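> Okay, handing you the structure first.
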Amino acid sequence: MTLVHTVAVGKRLLDGNDQQAAVNRARFEAAGTLAVNIMASPGAGKTSVIIRTLDALRGQARVGVIEGDIAGRIDADRVLAAGAAGAVQINTGGNCHLEAHMLTPALDALDLSDLDLVFIENVGNLVCPTHWALGEALKLCVLSTAEGHDKPVKYPEIFAVSDVIVLNKIDLIDLVDFERARFYESVRVLNPHAPIFEISCRTGTGVVAWADWLRQQLAAPALNRKER
């Protein structure tokens with residue numbers, strides 16, 4: 001009699017990733033650093049959101065950035081020029097998402113004890129990053145109005161798991177036939193509680209409200225923040 005064994009490769013991969021994510025999370029928590037995993041499609045404005053946030057938090061929080069891209073370091077250079085306290089580029093070489101183990105050298109390179117906040121800009125993709133925990137405290141989904149109001153219907157999981165959603169390029173909403181009511185309705189079916197911030201990185205509209213919310217997360221007692 002021949003025995004057939006089924007190996008759940010996907011589950012094993014995610015289990016290993018989750019173990020490393022727990023290690024990363026412990027490092028962030030020990031340093032009292034808030035980690036935010038930014039997920040979005042290419043061109044939604046992830047880096048622009050970071051740059052606008054850096055400006056809004058200037059003098060109030062020390063911010064580091066981990067940039068995930070398939071290739072290049074354009075975005076890492078941009079956030080450093082915008083005032084990030086530190087930036088590390090991770091090139092995946094084709095991988096469509098960051099994985100927890102990829103952060104190890106980045107966390108070694110950043111002095112977490114001197115940072116209040118770390119943005120982890122994931123590879124541009126609305127599917128793959130959803131499944132791979134990185135040790136973050138918050139998942140942020142950025143969507144631009146130019147992508148259309150139907151994205152929560154087409155890519156439900158990323159909106160369902162997000163702790164906060166930023167609708168970017170709100171200045172274009174009347175030019176791209178984005179139906180705000182349908183967007184909110186489809187998001188709320190998936191995620192009743194995540195706050196949604198409408199912003200424009202070009203004009204600055206809505207950035208203050210978004211930054212104020214982020215400050216509240218930085219001040220949350222659960223972070224057990226250290227005096228620095």
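> Name every residue in segment 15-53 that is under 13 Å from Leu117 (Cβ atoms) and in contact with a helix residue (DSSP H, G or I) (Cβ under 7 Å, 6 or more places away or on another chain), in order of residue number.
Phe28, Ala31, Gly32, Thr33, Leu34, Ala35, Ile38, Ile50, Thr53
> While we're here: Could we say that Arg78 is surrounded by fewer than 19 Cβ atoms within 10 Å (Cβ to Cβ) and either under 18 Å from the mean Cα position of the chain (by Cα) or among the aromatic types (Phe, Trp, Tyr) (or both) here?
yes
> While we're here: Just give me the residues in segment 30-41 being buried (at least 24 other Cβ atoms within 10 Å of the Cβ) and more than 13 Å from the chain's Cα centre (by Cα), in sequence order.
Thr33
> Here is a list: Leu126, Leu107, Leu103, Leu138. Which entry is surrounded by 23 or more Cβ atoms within 10 Å (Cβ to Cβ) and either among the hydrophobic types (A, V, I, L, M, F, W, C) or closer than 18 Å to Arg27 by Cβ (or both)?
Step by step, each of Leu126, Leu107, Leu103, Leu138 is checked, and only Leu103 is surrounded by 23 or more Cβ atoms within 10 Å (Cβ to Cβ) and either among the hydrophobic types (A, V, I, L, M, F, W, C) or closer than 18 Å to Arg27 by Cβ (or both).
> Are any residues in segment 199-215 assigned to a loop (DSSP other than H, G, I, E, B) and either surrounded by 13 or more Cβ atoms within 10 Å (Cβ to Cβ) or on the phi > 0 side of the Ramachandran plot (or both), and if so, which ones?
Ile199, Ser200, Cys201, Arg202, Gly204, Thr205, Gly206
> Among the residues of segment 107-116, is any of a type in the set (S, T, N, Q) and part of a strand (DSSP E or B)?
no
> Let me ask another. Given the criteria at pLDDT 95 or above, within 26 Å of Ala71 (Cβ to Cβ) and out of contact with any strand residue (DSSP E or B) (no Cβ under 6 Å at 6 or more places or on another chain), does Leu126 qualify?
yes
> Could you please let me know if Ala44 is closer than 22 Å to Lys151 by Cβ and surrounded by 21 or more Cβ atoms within 10 Å (Cβ to Cβ)?
Answer is yes for this residue.
> Quick check: is even one residue across segment 33-44 in a helix (DSSP H, G or I), at pLDDT 95 or above and either of a type in the set (Val, Ile, Thr) or within 17 Å of Ser200 (Cα to Cα) (or both)?
no
> Still on this structure, I have one more. Please enumerate the residues belonging to segment 55-71 that are under 17 Å from Ile38 (Cβ atoms), at pLDDT below 95 and assigned to a loop (DSSP other than H, G, I, E, B).
Correct list: Ile70 only.
> Could you please find all residues in segment 172-187 being buried (at least 17 other Cβ atoms within 10 Å of the Cβ), part of a helix (DSSP H, G or I) and not aromatic (Phe, Trp, Tyr)?
Ser186, Val187
> Exactly one of (1) out of contact with any His (no Cβ under 7 Å at 6 or more places or on another chain); (2) at negative phi is unmet by Gly135. Its number?
Gly135 satisfies every listed condition except (2).
> Suppose the filter is assigned to a strand (DSSP E or B) and crowded, with 22+ Cβ neighbours inside 10 Å; does Val88 pass it?
no
> Now a separate question. Scan segment 153-169 and tell me whether some residue there is assigned to a loop (DSSP other than H, G, I, E, B) and in contact with a Gly (Cβ under 9 Å, 6 or more places away or on another chain).
yes
The values are calculated or read from the model by the stated rules, or taken from the named source; none is laboratory data. These numbers were taken from a predicted model, which means no experiment stands behind them. Backbone-built Cβ (ideal geometry, glycine too); neighbour counts: all protein chains shown.
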